[in-house]
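One structure below.
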Amino acid sequence: MIKKYLLGITFLLVTFFSINCVSSQQAPYQITSQPLIAKDGAIIGAEEREMIRALVPFFTAITNKDVKAIKELNPGLRHLSDEQLLANFVSVKSYTLQGLENVSYDDEKLRAVVLYSAELIKPGTIGRNIAPYQSNIGLEREGETWVISEWRQIKGEGSDMNYFIDILSRFDKAEKRYGVKDLSKWDGL
């Protein structure tokens with residue numbers, strides 16, 4: 001009788017642990033976005049669309065100085081106090097996501113070259129001060145959300161003028177692709 005009881009308990013424990021081991025091995029995330037045709041006639045892949053949908057809230061959070069959302073979407077900034085984080089963006093009036101290039105997905109991470117601009121607050125200047133940027137950005141899943149796992153700004157090579165001409169032509173190409181300068185206003189979200 002005791003042997004049957006121990007055998008039953010052993011069977012239940014083995015079953016329990018094997019189920020937990022199998023369920024803890026998470027299947028790769030399946031991209032849920034659907035591809036669509038861009039304004040320039042090219043295809044915007046599901047991965048590209050997914051990345052845009054994930055990045056727009058981050059750029060909006062910086063523009064709105066929403067510290068909670070910034071930290072939720074970029075774990076690398078969570079160690080900063082709210083005051084430190086806001087100090088990093090004190091001279092930024094707005095961030096604008098303008099386009100993506102070279103989007104890839106390897107079942108764990110979305111990666112792309114991200115084209116964006118910042119309107120900078122520069123006292124004593126007239127007009128708007130827009131700075132163009134490009135960065136290699138990676139996103140990973142954290143629960144049900146994409147979060148920023150890497151962000152490396154790409155510096156221009158050669159003269160500043162060549163960099164400026166190159167990035168502005170790429171911004172122009174992105175605008176033709178998406179039909180907007182600001183992807184938070186894109187009809188493909």
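The values are calculated or read from the model by the stated rules, or taken from the named source; none is laboratory data. The structure displayed is predicted, hence computed values, not measured ones. Counting neighbours? That spans all protein chains shown, and the Cβs are built from the backbone with ideal geometry, glycine included. Protein only, heavy atoms only, side chains kept; ligands, DNA and RNA dropped before computing areas. Shrake-Rupley method; radii C 1.70, N 1.55, O 1.52, S 1.80 Å.
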If a residue has to be assigned to a strand (DSSP E or B), touching a strand residue (DSSP E or B) at 6+ places or on another chain (Cβ under 6 Å) and surrounded by 12 or more Cβ atoms within 10 Å (Cβ to Cβ) to count, how many in region 90-109 make the cut? 13
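Tell me whether region 17-38 contains one or more residues that are out of contact with any strand residue (DSSP E or B) (no Cβ under 7 Å at 6 or more places or on another chain), among the polar types (S, T, N, Q) and modelled with pLDDT of 95 or more.
Taking region 17-38 and keeping what is out of contact with any strand residue (DSSP E or B) (no Cβ under 7 Å at 6 or more places or on another chain), we get 17-28, 30, 32-34.
Next, only the ones that are among the polar types (S, T, N, Q) stay: 18, 20, 23-26, 30, 32-34.
If we keep only those that are modelled with pLDDT of 95 or more too, we end up with none.
No; the residues of region 17-38 include none that is out of contact with any strand residue (DSSP E or B) (no Cβ under 7 Å at 6 or more places or on another chain), among the polar types (S, T, N, Q) and modelled with pLDDT of 95 or more.
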Of all residues in region 62-83 being open to solvent by less than 40 Å² (accessible area, probe 1.4 Å) and under 16 Å from the mean Cα position of the chain (by Cα), the one that is nearest to E119 (Cα to Cα): I62
Please name all residue pairs, on different chains or six or more residues apart, with Cβ atoms under 9 Å, provided the first residue is in region 44-55 and is part of a strand (DSSP E or B) and the second residue is at pLDDT below 95 and not acidic (D, E). I44/P35; I44/L36; I44/I37; I44/A38; I44/G188
For A112, indicate whether it is exposed (fewer than 14 other Cβ atoms within 10 Å of the Cβ) and either in contact with a Leu (Cβ under 8 Å, 6 or more places away or on another chain) or part of a loop (DSSP other than H, G, I, E, B) (or both). no
Being part of a strand (DSSP E or B) and open to solvent by 60 Å² or more (accessible area, probe 1.4 Å) narrows it down to one residue among E150, E119, E140, E175; which is it? E140
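Determine if region 60-77 includes at least one residue that is among the polar types (S, T, N, Q), assigned to a strand (DSSP E or B) and at pLDDT 95 or above. Quick ask: steps written out before the conclusion?
Applying the first criterion (among the polar types (S, T, N, Q)) to region 60-77 yields 60, 63-64, 74.
The next check asks that each one be assigned to a strand (DSSP E or B); those that pass are none.
Checked region 60-77: no residue is among the polar types (S, T, N, Q), assigned to a strand (DSSP E or B) and at pLDDT 95 or above.
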Considering only residues that are at pLDDT 95 or above and in contact with a Gly (Cβ under 8 Å, 6 or more places away or on another chain), which ones fall in region 162-179? R170, F171, K173, A174, E175, R177, Y178
